[in-house]
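Data first, discussion second: the structure below is written as C-alpha cells.
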Amino acid sequence: MNLADNLLKNFQINPDKICLIEKDIKIDYKTLYNRVSNLALYLKKQGIKKEDNILVLIPMSINLYITLLALWSIGASACFMDAGFIKNGMKKNEFKEVNGIIGISKYLIYSKINKKLRKLKIQINSNIINKLTGSADLKIEELKETANAILTYTSGTTGTPKIAARSHMFLQNQGLILKQCLNYEENDIELSSVPIFTLSNINVGIKTVIANGNFANLGKSNASNLVKQIQLNNINRIMAAPGLLNLIIEYSLNNSIKLNNVKKVFTGGGAIFLDFIEKIKIVFPNATITSLYGSTEAEPIAMLNINDMTKDDIEKTKKGFGILAGNIVGVDDCKIIKTGLKEIGNLSLQEFEKIQTSEIGEIVVSGNNVLEGYVNGVGNKENKFSINGKKYHRTGDLGYIENGKLWLRGRINEPFFNIEAALHANLKIGKTAIFKNKDKIILVLEKSDLVSSKDIYNCIKFDKIDEILYVNKIPVDKRHSTKVNYNELKKMLKLIS
C-alpha cells in the first residue's frame, strides 16, 4: 500500500474539486496530481529513491503537501521537526537516518549547523516546486504496510530526543479513525493549522484553507488576517491549536465580531479550560465545539463534544476534579497505572493488574493508532511496555477514568490541571502556570490579571497553593502557543540559572 494512492483516487473521482487554498492560491486535485508528478520525477533525477529518508524543512503550505506526496510516490519517507524547534533541532539531533534535504532557503541555511546535514549530496531548495509545470503521469511505488511514511524528531524537552516513525498503514488507520470522529461533510471548508489533520482532509476530499499563521511561532500570527480568511473563504469548520484559536477569539471579541458561518470547531494540543470554551461559544455561536486529546504517538485518545458536558461535569471541574478529556476514542485500550514506575518491560496479565489503579495515575494506551516504538529503540524502555506481547505507550500524563470518561490532571511532574481548571471555571483569569519548587506549590499569573489572592485561595480550598507570583507574560511553547514553557518561566523568576 502507499498513501499517495489516495491522491490518485481523488484525482480520478474529483479532478476539478479545490482541495487546498493558501492565501490567494487555490489548487484542485488535478493540479495537485500534476505538481506531485512533476516533483516526483525531479526528485528521482536528483537521486532520491525508494526507502530514502528525506528531511523536509518546509512550513505548512501547499508546497509541503506536494513534497510529502511526491516523496511517498517514490517510496521515500519524510522526516520532520516542529517548526518552532528547527534551529535548536539541528544542534540536538545526529540525523543518522537522513539521506537528503528539501526545504526553504532559510531552513537550508540553518541545516549547515549540523555536520552530517552539511555533507549530504542531496540538498534541494523547495523553490523549484513552483518552476515545475505541465502534466505528467504519477507512478506510485508499491510498499509494504510497515514502510515508514513520516519520521518525526521530538524536541527532547522531557529527556533525550526521540524519533517517532509512522508507517503508511499507521497513518491510513489514523485517517479512518479521524474520518469517524471528525464529522466530515462533502462541502466542508476547513481552516487548519494542524498538518496531520490537513493530510486527512486531502485524503477524504475536504477543502482545506491553510491558516495564514506564523508556524514557527503560532502566538505571533496576525489575528486580523486569520479572521479575514474565515470570512472571505466561507469557512464552516476550524481545526486549530488553542493558541491560534485564542488569537482569533480575542480579536473577534475586541472588535465585536461573530463568525456565524462556522459550524464546527475542533481544538487540542493543550489544556482546554471552561472559560476558554465560553469565549469560543460567543465568537462561534452556531458551532459545535470539540476538544481532542492525544499525542504524536497516539492521536486521538479521547474526544469531547462540549455540548455533551453535563452540569455534574462542570461542577466537578469547578471543584478541582480536573479537565474532562471526554470519551476514549481511537485506541483499543486505555488504562491507568500507578505513578513512580520506571522501566516496565514485558508483563503477564496478572503482573499488569498489580500496577493498575482505579485512582489517579499515568494514562497508558494501546492499539493500531498507537506507535509501538521509536527509531533505533531510543526511548522505548522509558515509554513502552508489553502485556502478553501487546504493546502499550506511556503518555506521561496523569488522569483517571470515571464512568467511561477520561479526566486529565496534568503531566506526571506537573499534576496541577485540577487547580488551574477550577481557577478558570470560577474566576475571570488569564494565563496560569503552576509548578512545585522545592517544597512549595507556586501559582504564576500575568500582571494584567486583577484577581485578588483572597478569591484565588477561596476558589481552591480542595488543594493548596503556597505562593502567588506575577510576570509580565507567561512563556509558552512555539508549536501550539499553549503549553507553558516551565524552564523559561523558572529562569524569568530566577529559580534556575
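For every residue, the table says whether it meets (1) farther than 21 Å from A302 by Cα; (2) touching a helix residue (DSSP H, G or I) at 6+ places or on another chain (Cβ under 7 Å).
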{"position": "D188", "(1), (2)": "yes, no"}
{"position": "S200", "(1), (2)": "no, yes"}
{"position": "A211", "(1), (2)": "yes, yes"}
{"position": "A240", "(1), (2)": "no, no"}
{"position": "L247", "(1), (2)": "yes, yes"}
{"position": "N255", "(1), (2)": "yes, no"}
{"position": "K258", "(1), (2)": "yes, yes"}
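Number of residues in the range 356-384 that are of a type outside the set (G, A, S) and assigned to a strand (DSSP E or B): the value is 8.
Can you find a residue that is surrounded by fewer than 17 Cβ atoms within 10 Å (Cβ to Cβ) and not in a helix (DSSP H, G or I) anywhere in the range 186-197? Looking for residues that are surrounded by fewer than 17 Cβ atoms within 10 Å (Cβ to Cβ) and not in a helix (DSSP H, G or I), one finds at least one in the range 186-197, hence yes.
Only residues that are in contact (Cβ under 8 Å) with a residue 24 or more places away in the chain and in contact with a helix residue (DSSP H, G or I) (Cβ under 6 Å, 6 or more places away or on another chain) were counted across the range 441-482, and they come to 10. Taken over the range 17-62, the criterion of being among the basic types (K, R) and over 24 Å from A211 (Cα atoms) is satisfied by K44, K45, K49, K50.
Here I48 clears all of (1) free of Cβ contacts under 8 Å to residues at least 60 places away in the same chain; (2) assigned to a loop (DSSP other than H, G, I, E, B) except the condition numbered (1). The helices (runs of 4 or more DSSP H) found wholly in the range 385-497 and carrying at least 1 residues that are within 17 Å of I272 (Cβ to Cβ) and touching a strand residue (DSSP E or B) at 6+ places or on another chain (Cβ under 6 Å) occupy 417-426. Screening F284 with (1) buried (at least 23 other Cβ atoms within 10 Å of the Cβ); (2) closer than 21 Å to R479 by Cβ; (3) of a type outside the set (G, A, S) gives one miss only, at (2).
Residue-by-condition table, conditions (1) out of contact with any helix residue (DSSP H, G or I) (no Cβ under 8 Å at 6 or more places or on another chain); (2) at pLDDT 95 or above; (3) farther than 20 Å from K483 by Cα:
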site	(1), (2), (3)
I280	no, yes, no
F284	yes, yes, yes
S291	no, yes, no
T296	yes, no, no
E299	no, no, no
L304	yes, yes, no
K311	yes, yes, yes
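The residue pairs whose first member lies in the range 242-262 and is basic (K, R), whose second member is outside any helix (DSSP H, G or I), and whose beta carbons are closer than 8 Å, counting only pairs six or more residues apart or on different chains, are K258/F284; K258/P285.
The values are calculated or read from the model by the stated rules, or taken from the named source; none is laboratory data. What you see is a predicted model; the values in this text were computed from it and never measured. Please note: Cβ atoms are built from the backbone with ideal geometry, for glycine as well, and neighbour counts cover all protein chains shown.
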